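Asker: Once you've had a glance at the structure underneath, I'll fire off some questions.
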Amino acid sequence: MTGEYLWIEGIPFPKTTTEDLRSLQDQFVVRDEDVITVSYPKSGTNWIKEIVNLIHTKGDSSWVQSTLSWERSPWLEVKEQLDLVVNQKGPRSYTSHLPVQFFPKSFFKSKAKLIYIMRNPRDVLISAYHFNKTVKVIKNTDSFEEHFEWFLQGKVMFGSWFDHVRGWLQMKGKENFLVISYEELYQDIRASVERVSQFLGVKLSPGELNSVLKNVSFQAMKDNKMSNFSLVSDAYMDHSKGKLMRKGITGDWKNHFTVAQSEAFDQVYREKTAGLPPGLFPWD
Ligand code: A3P
């Protein structure tokens, strides 16, 4: 067990205070030109950030090769990175794991573009299980069984996957909101990058598109020390315990869940996703 959470409205937040969260929500000014990536943790956040950053440079990799990913697209709710967000020049790009009800209110009156990436929660659970072992500032468990239970109960950072996704998907259909899934990226990265660039209003030539694709592959990001978290401080991450760029596949949950866990998950999944429009999730 490592760091503790701050619990607000039943949601555990890492490394923050109620005052900081509330002032972000009430006072942070979202600008119309901002491009924001939002996700529940371990859904492919860093992948979509990299794609957005490379679309911005039209496939020129020098920025992603020379600047840390959290400086290119800082975390809104990380206090030490908020100044980076505020002081970014030109159209700003930033990232957040905040549930919709905690997001800066000014966003909802803005034209800022927001991309919400989601992933099969079973794979999210597995990815988090491995990644959490490396992170020193979060409450952790070494037992897979306990992690499984905590995940289903929403006792993990940023709360319940089901609530996070249901909350943000209320925005679906708005012109400045794009939902994309890890599974879509995995299945057809070319079409996905085209979809994102169209949403951002950036026209890529075939050569530029190819260059984006080359730089957002699992291997390219794994090899890029600006993107692979190998430069995250030892105070925050124990690099001997795992990596951000772990497997990069869909369906890894099948290698971890027992039959009983799979059934238990399905039951909670059915209950918690009841009433959502059919065809919303590519993994169903
Ligand atoms: P795994 O742990 O399943 O390998 P996040 O960025 O939200 O923390 O999500 C991390 C997950 O996204 C990890 O999943 C990581 O391997 C995967 N990922 C990141 N970049 C990727 C890429 N270019 N291709 C495929 N998967 C990627």
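The numbers here are math on the coordinates, done by the rules we state, and not lab data. Being a predicted model, the structure only gives us computed values, none of them experimental. Here the Cβ positions follow ideal geometry from the backbone for every residue, glycine too, while neighbour counts run over all protein chains shown.
Asker: Taking the Kirkwood radius as the inverse of the mean 1/r across Cα pairs, report the Rg/Rh of region 81-226.
Answerer: On the Cα set of region 81-226, Rg over Rh gives 0.98.
Asker: Still on this structure: Suppose the chain between SER233 and LYS203 were pulled fully straight at 0.36 nm per residue; how much longer would it get relative to their current alpha carbon spacing?
Answerer: Computed gain between SER233 and LYS203 is 7.1 nm.
Asker: With the crude spin-label approximation of a point 7 Å out along Cα→Cβ, what separation in nm comes out for GLN27 versus GLU175?
Answerer: 3.2 nm
Asker: While we're on this one: Calculate the dipole size of the chain relative to its Cα centre from +1 charges on Lys and Arg beta carbons and -1 charges on Asp and Glu beta carbons; express the result in debye to the nearest 20.
Answerer: 560 debye
Asker: Now a separate question. If you average the sequence gap of Cα pairs under 8 Å that are 6 or more apart and divide by the length of region 106-249, what percent do you get for the contact order?
Answerer: 33 percent
Asker: Which length gain, in nm to one decimal place, applies between SER217 and LYS58 when the Cα-Cα distance is subtracted from 0.36 nm times their residue separation?
Answerer: Using 0.36 nm per residue and subtracting the Cα-Cα distance, I get 55.6 nm.
Asker: Rounded to the nearest 0.05, what FRET efficiency is calculated for LEU6 and SER66 with R0 set to 35 Å and r the Cβ-Cβ distance?
Answerer: 0.50
Asker: Same structure, new question: Once the piece of chain linking ALA260 and GLN153 is laid out straight, how much longer is it, given 0.36 nm per residue of separation minus the C-alpha distance between them?
Answerer: Additional length available on full extension: 36.8 nm.
Asker: Taking K and R as +1 and D and E as -1, what net charge do the other residues with C-beta under 12 Å from the C-beta of SER233 add up to?
Answerer: Net of charged neighbours comes to -2.
Asker: Within 10 Å, Cβ to Cβ, of VAL137, how many net charges do the neighbouring residues add up to if Lys/Arg are +1 and Asp/Glu are -1?
Answerer: +2
Asker: Okay, moving on. Label region 167-284 by shape, choosing from rounded, prolate and oblate, from the square roots a ≥ b ≥ c of the eigenvalues of the Cα gyration tensor; if a/c is under 1.5 it is rounded, and otherwise prolate applies when a/b is larger than b/c, oblate when it is not.
Answerer: It comes out oblate by the Cα gyration axes.
Asker: If you bin every alpha carbon distance in the chain into 5 Å steps from zero, what whole percent lands in each bin?
Answerer: 1, 5, 12, 17, 20, 18, 15, 8, 3, 1, 0
Asker: Once phi is turned into θ = phi - 60°, what whole-Hz ³J(HN,Hα) does the Karplus curve with 6.51, -1.76 and 1.60 give for every residue of region 219-228, x standing for Gly and Pro?
Answerer: Going residue by residue, I get 5, 4, 6, 5, 7, 8, 5, 6, 10, 8 Hz, with x marking Gly and Pro.
Asker: Same structure, new question: Given H placed 1.01 Å from N in the peptide plane, which residues other than close sequence neighbours of THR37 have an amide H under 5 Å from its amide H?
Answerer: The list, which skips near neighbours in sequence, is TYR94, THR95, SER96, ILE115.
Asker: Continuing with the same structure: In percent, what relative contact order does the chain have, based on Cα pairs under 8 Å that are 6 or more apart in sequence?
Answerer: Relative contact order here is 26 percent.
Asker: Counting each DSSP H run of 4 or more residues in the chain as -39500 (n - 2.57), what helix-only mean residue ellipticity at 222 nm follows after dividing by all residues, to the nearest 500 deg cm²/dmol?
Answerer: -12000 deg cm²/dmol
Asker: With θ set to phi - 60°, apply the Karplus curve 6.51 cos²θ - 1.76 cosθ + 1.60 along region 202-214 and write out the HN-Hα couplings as whole Hz, x wherever there is a Gly or Pro.
Answerer: 10, 9, 9, 6, x, x, 5, 4, 4, 5, 4, 4, 4
Asker: Sticking with this one: Please work out the C-alpha center-to-center distance from region 64-118 to region 178-206 and express it in whole Å.
Answerer: 19 Å
Asker: Excluding same-chain residues fewer than 8 positions from LYS79, which aspartates and glutamates have a Cα within less than 17 Å of its Cα?
Answerer: LYS79 reaches GLU4, GLU19, ASP20, ASP26, GLU71.
Asker: Looking at this model, which pairs from LYS49/LYS254; LYS58/LYS139; LYS174/LYS247; LYS155/LYS203; LYS174/LYS243; LYS58/LYS155 are more than 31 angstrom apart at the alpha-carbon?
Answerer: LYS58/LYS139; LYS174/LYS247; LYS155/LYS203; LYS174/LYS243; LYS58/LYS155
Asker: Here is a further query. Using the Karplus curve 6.51 cos²θ - 1.76 cosθ + 1.60 with θ = phi - 60°, what ³J(HN,Hα) values do you get for each residue of region 184-192, in whole Hz, with x for Gly and Pro?
Answerer: 5, 4, 5, 6, 8, 5, 4, 5, 5
Asker: Expressed as a whole percent, how much of the Cα-Cα distance distribution for region 41-111 exceeds 14 Å?
Answerer: Pairs farther apart than 14 Å: 64 percent.
Asker: So for each of 167-180, 43-56 I average, over its residues, the number of other beta carbons within 10 Å; can you give me the resulting order with the highest mean first?
Answerer: Peptide ranking by packing, descending: 43-56, 167-180.
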